[in-house]
Each structure stands twice: as C-alpha cells, then as structure tokens.
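Some notes on the structure that comes next.
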Amino acid sequence: MSKIIIVGTLAFDTIETPYGKVERVIGGSAPFASLAAKTKDIDCAVVSIVGNDFPKSYLDLLTSKNIDISEVQIDENGKSFFWSGKYHDNMNKRDTLETQVNVLAGFNPKIPKNFSELNVLILGNLDPKVQLSIVSQFEKKPDFIMLDTMNFWMDNTLDDLLKIISKVDLICINDEEVIQLSGCENYKLGIKKILTMGPKYVIMKKGEFGATLYSNKSEFFCPTFKIDKVIDPTGAGDSFAGAFAGHLAKSKNYSFESISNALIYANAVASFCVEKFGVDNMINISKEEINDRINFIKKHNS
C-alpha cells in the first residue's frame with residue numbers, strides 16, 4: 001500500500017463569508033489535506049499537535065476515514081491553534097482577524113512507526129525548523145517531498161527556509177511568493193531561480209485562475225474547475241496538496257507527465273472543498289463525482 005505523511009496543523013477555525021459564519025470548526029492544513037488524500041486508496045498519517053481543548057469528535061472524524069493519528073500529540077496543558085478570518089464579498093481576499101499559535105509554538109514532530117518508508121511527504125505551511133526536523137528523521141529519504149510555505153517564513157526565517165527548499169522535490173507557492181522568494185521582477189525568471197535552489201518542480205498557484213507546473217525543461221498549465229457558488233475558500237490549497245500527494249503516491253510515478261496528471265486530479269478534488277464551510281464537503285466525495293470534474297477540466301484545457 002502506498003504511504004504518505006502530512007505534517008501540518010490541526011486547529012479551530014472561525015470563518016465568516018458572505019454566506020454565513022461558523023465558529024471553532026475543525027481546521028488547519030492537516031484535516032483538509034488528509035481527507036483529500038484519502039480519495040485515493042492509500043495509507044495516510046497526520047503529524048500534528050493539539051491542546052486539551054480539541055474535541056475527540058474531531059479526531060474521530062479522521063480515524064473514521066482510516067487516517068493514522070498516532071503522532072498527533074495532545075498537550076494537556078495547552079490550547080490548540082486558532083485562526084479567525086473574514087472574506088470580502090468577491091471571496092478573493094480575506095482579513096485575518098485573529099491567530100493564536102498556542103501549542104504549535106512548541107511542536108516537535110515525530111514520524112509514525114509504520115511510516116518510516118514513505119512514498120510522499122507533505123510539509124505543510126509551518127516553521128521551516130519543524131519541516132527540517134521531520135525530514136532529518138528519515139533514514140531512507142521519501143520518494144517525493146513536497147513543500148508548502150508562505151511570505152511570513154520568507155520574511156522571518158529565510159535561512160532555514162532555503163535549507164528545507166534544497167531538500168524537497170517540489171515547492172507549491174502562489175505568484176506573489178514566487179516573486180518574493182526569487183527576488184526577480186517577473187514569474188519566468190523567478191521560477192528559473194527557484195529551480196536552482198534544489199526542487200525539481202515548482203507549482204505556481206493563481207487561485208481561481210488555475211496553477212502551472214514547471215520543471216527545467218517543461219511547463220503545464222491546469223485550469224480550476226469553475227464553481228457556481230463559492231461558500232468558503234478556506235482549505236482549498238490544503239485539499240489541493242493532499243489530493244496531489246495521494247494521486248502521486250498511488251501512481252508511484254514521479255515523471256513530469258505523472259505530476260501533470262496529479263495536478264489535474266488535485267484541482268478537481270479541491271473544487272469540492274469550497275462548496276461548503278470547513279471540511280464538510282470533503283468527507284464523502286465519490287470517485288464518479290471526481291472523474292466528472294477531471295473530464296471537465298481536461299475538456300477545457302485541450
């Protein structure tokens with residue numbers, strides 16, 4: 001059985017959009033990514049930390065989908081990561097109202113025992129020190145390591161970020177972050193520069209306008225699946241990453257063509273995420289529904 005690990009956050013999210021508000025629902029990168037990954041028949045583990053306030057029902061949701069949580073640490077003296085945000089009317093922008101790092105500040109991740117030999121490792125958007133720590137624990141390097149990061153780490157921990165970038169196979173960032181990380185004035189030059197930092201591949205995300213996969217020799221653009229009514233965009237990027245990793249691990253093929261197919265699959269799965277608040281729409285997605293959206297994307301990308 002193919003195996004992946006997701007190193008990411010388990011959190012409480014309070015989200016407000018033009019379509020309503022939810023408070024303290026299960027959030028963070030790990031639930032979205034793991035539920036998306038499990039749309040493929042693979043073994044998936046989450047590595048994270050929560051406080052004593054995190055409901056058992058939220059962890060039960062993951063275990064009900066056969067997601068390994070043996071290395072989800074519970075800090076009995078701490079509180080879980082919390083994020084609150086409000087989306088603008090056009091849903092393309094949001095304001096972060098509150099962030100409480102809480103137990104995440106002391107997170108020291110460990111590899112689950114049954115996952116020492118790994119197909120795909122997802123390094124979620126965390127402190128590069130945490131990402132470096134988990135990579136150093138593998139005696140045998142995972143077949144494929146993918147990295148998510150953001151401008152905050154570029155601003156505050158660039159040296160460590162560059163160290164982890166040198167150890168991964170793929171980095172997934174948005175168009176603004178390509179410019180910032182590379183220091184170049186346009187995307188093309190920026191992508192070339194980042195590819196010299198260590199990764200074999202870069203995925204540049206442009207939100208509703210799709211994503212482009214780059215290597216030294218090739219590029220592949222994949223549009224998004226257009227949603228009639230976006231209810232909550234939170235977690236779409238993490239759902240994308242999880243589905244991408246699940247597809248790649250299942251195929252065990254890390255060629256440019258295979259990664260291009262994973263990109264199509266990831267865009268299709270991530271489109272379900274935004275149709276309801278939180279992870280609600282990620283829990284029971286049928287393969288038929290996913291295939292319908294894959295076919296639509298392929299048809300409109302030919």
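Side notes on the structure shown:
- Among the helices of the chain, those built from whole DSSP H runs whose Cα atoms reach 15 Å or more along their own axis and whose mean Kyte-Doolittle hydropathy is at least -0.5 are 236-251, 256-273.
- Footprinting exposure proxy ranking of Cys222, Cys184, Cys44, fewest other C-beta atoms within 10 angstrom first, gives Cys184, Cys222, Cys44.
- Rounded to the nearest 20, the Cβ-based charge dipole of the chain about its Cα centre (Lys and Arg +1, Asp and Glu -1) stands at 840 debye.
- Amide H partners (placed H, <5 Å) of Asp127, local residues excluded: none
- Gln73 long-range amide H proximity, modeled H, under 5 Å: Ser48, Ile49, Val50
- Pairs beyond 19 Å (Cα-Cα), from Lys3/Lys226; Lys40/Lys65; Lys250/Lys276: Lys3/Lys226; Lys250/Lys276
- Listed residues Ile173, Phe256, Pro128: farthest to the positive end of the dipole of the chain (Cβ charges): Phe256
- From least to most packed, judged by other beta carbons within 10 angstrom and beginning with the fewest, Thr39, Thr212 follow the order Thr212, Thr39.
- Nearby lysines by direct alpha-carbon distance to Lys188 (threshold 21 angstrom, same-chain neighbours under 8 apart not counted): Lys200, Lys205, Lys206, Lys217
- Dipole magnitude (debye, nearest 20) for region 96-186, charges at Cβ of Lys, Arg, Asp, Glu: 600 debye
- DSSP beta bridges in the chain [antiparallel fraction, %, rounded to 5]: 35 percent
- Cleavage-rule hits (trypsin sites (Lys or Arg not before Pro)) in region 123-197: DSSP loop, at most 16 neighbouring Cβ within 10 angstrom: Lys140, Lys167
- The helix-only estimate of mean residue ellipticity at 222 nm for the chain, built from DSSP H runs of length n ≥ 4 each weighted as -39500 (n - 2.57), is -10000 deg cm²/dmol after division by the residue total.
- Charge dipole magnitude, Cβ of K and R +1, D and E -1 - region 34-163, Cα centre, debye nearest 20: 160 debye
Each reported figure results from applying straightforward, stated rules to the coordinates on display, with no laboratory input. From a predicted model like this one, the values you see are computed outputs, not experimental measurements. FYI the Cβ positions are ideal-geometry reconstructions off the backbone, even for glycines, and counts take in every protein chain you see.
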